[in-house]
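One structure is given here, and the rest of the page talks about it.
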Amino acid sequence: MNISMNIEHDLLEKLYLKMLLIRVAEEVIADRYAEQEMRCPVHLCIGQEAVAAGVCANLSINDYVMSGHRSHGHYLAKGGALRQMISEIYGKATGCSKGKGGSMHLIDLAVGFLGATPIVGSTIPIGVGAALSIKMSKSDQVSVIFFGEGATEEGVFHESLNFAALHSLPVVFVCENNFYSVYSPLSVRQPAGRTVSDFATGNKIWNKAGDGNNVEQVYELSNEAISYARSGKGPTLLEFTTYRWREHCGPGWDNTIGYRTEQEYLEWRKLCPIERTEKKLLSLGISQATLSSYHDEIKNEVDSAIQFAKDSPFPSPAELFTEIYR
Ligand SMILES: Cc1ncc(C[n+]2csc(CCOP(=O)(O)OP(=O)(O)O)c2C)c(N)n1
Ligand SMILES: [Mg+2]
């Protein structure tokens, strides 16, 4: 693939800082999980940060994003408030879903993060519906839907591609292909040689595939895909290969339980999107001291969000049935 690596210094720094925020936030969540104050499952995206950061850097707060169970990165990259995310994971009233949703039900309408739910594939048609609303209101927004390659095994994914193509909707489908659905590799789930992008081609949807651990490439491909959808030409689909470092669900590691090898993890570990960007920034003249100071600032911000969450009240029992669907 011929991608021009022309991203200017400031933009690369911005992408780096977003990835670092996601990484540090999730590492702190993992470190503190054993305190048992976060009483919801967490699906960490450590290792996959470049997709969220690279795609969302092309969006404004007026654009829409939807996500699934592994949504912390998408929420933060879209500009979702850190304190409200951490508070939500702590089940507190100051959380972005008022403490009723937990990690898998994040929402921040103020920045266009329409929501996340863990029913695999379920947010895909909702994001397509949001794109229909954009088209009907004749605005120039786009609707971006993040999902894993596992979601492409749900029927609703295919209905959504068909509907989006038929109505030429301003929607960008972003598949993070990390090769696993829980403990099942792609080889036991999908025919060899067929790609996620092939589904888009079959529906006559513009599509490209790329390296999801290369934030510059993610940025450039999504710039193309988002501009295409925004200009009214119809839907687009991007497939990014990447790798989840930690266990499917939870703060730990699971390379020893038999479904994948430590060796495979170590190979992907070498492709860390953040380390790769650090190397590039150093080569562009940014100092190691500056990079360290960024890390310290972000760590302080995350620690302060944790303290904010801990100090916040739980929702009152009287609110149990407010603002929910039933
Ligand atoms: C409809 C549905 N089926 C099964 C599950 C259980 N489940 C939760 S996450 C997950 C894996 C999904 O894999 P993928 O979409 O590739 O995302 P990843 O976890 O790799 O990020 C499954 C099967 C679910 N939440 N919803
Ligand atoms: Mg997957």
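Read-outs throughout are calculated quantities, based only on the coordinates presented, and are distinct from any laboratory measurement. Quick caveat, the model's predicted, so the values are computed rather than measured. With ideal geometry, Cβ positions are generated from the backbone for all residues, glycine too; neighbour counts draw on all protein chains shown.
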Please state which one of Gly121, Gly150 is under 21 Å from Ala50 (Cα atoms) and either surrounded by fewer than 22 Cβ atoms within 10 Å (Cβ to Cβ) or within 13 Å of ligand 1 (Cβ to nearest atom) (or both). Gly150
For segment 256-309, the count of residues that are surrounded by 17 or more Cβ atoms within 10 Å (Cβ to Cβ) and not in a helix (DSSP H, G or I) equals 4
Mind listing whichever residues of segment 223-246 are farther than 17 Å from Asp211 by Cα, of a type in the set (D, E, K, R) and surrounded by fewer than 17 Cβ atoms within 10 Å (Cβ to Cβ)? Lys233
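Yes/no per residue for (1) within 16 Å of ligand 1 (Cβ to nearest atom); (2) touching a Pro at 6+ places or on another chain (Cβ under 9 Å); (3) assigned to a helix (DSSP H, G or I):
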{"position": "Ala165", "(1), (2), (3)": "no, yes, yes"}
{"position": "Ser168", "(1), (2), (3)": "no, yes, no"}
{"position": "Tyr243", "(1), (2), (3)": "yes, no, no"}
{"position": "Cys249", "(1), (2), (3)": "yes, yes, no"}
Checking the conditions here, which among Gly127, Gly212 is within 16 Å of ligand 2 (Cβ to nearest atom), within 19 Å of Phe240 (Cβ to Cβ) and crowded, with 18+ Cβ neighbours inside 10 Å? Gly212
Phe157 passes all but one of (1) aromatic (Phe, Trp, Tyr); (2) closer than 28 Å to Phe314 by Cα; (3) within 16 Å of ligand 2 (Cβ to nearest atom); which number fails? (2)
Name every residue in segment 160-195 that is surrounded by fewer than 16 Cβ atoms within 10 Å (Cβ to Cβ), away from ligand 2 (no atom under 15 Å from the Cβ) and aliphatic (A, V, I, L, M), in order of residue number. Leu166, Ala192
Just checking, does segment 204-216 include any residue being assigned to a loop (DSSP other than H, G, I, E, B), hydrophobic (A, V, I, L, M, F, W, C) and more than 16 Å from the chain's Cα centre (by Cα)? yes
Consider Asp140 against the criteria (1) touching a residue at least 60 places away in the same chain (Cβ under 8 Å); (2) farther than 20 Å from Ala225 by Cβ; (3) surrounded by fewer than 18 Cβ atoms within 10 Å (Cβ to Cβ): it satisfies all of them except one. Which criterion is unmet? (2)
Top-ranked residue in segment 31-46 [being aliphatic (A, V, I, L, M) and in a loop (DSSP other than H, G, I, E, B); ranked as surrounded by the most Cβ atoms within 10 Å (Cβ to Cβ)]: Leu44
Every residue from segment 176-194 that is without any contact (Cβ under 8 Å) to a residue 24 or more places away in the chain and either within 11 Å of ligand 1 (Cβ to nearest atom) or at positive phi (or both): Gly193
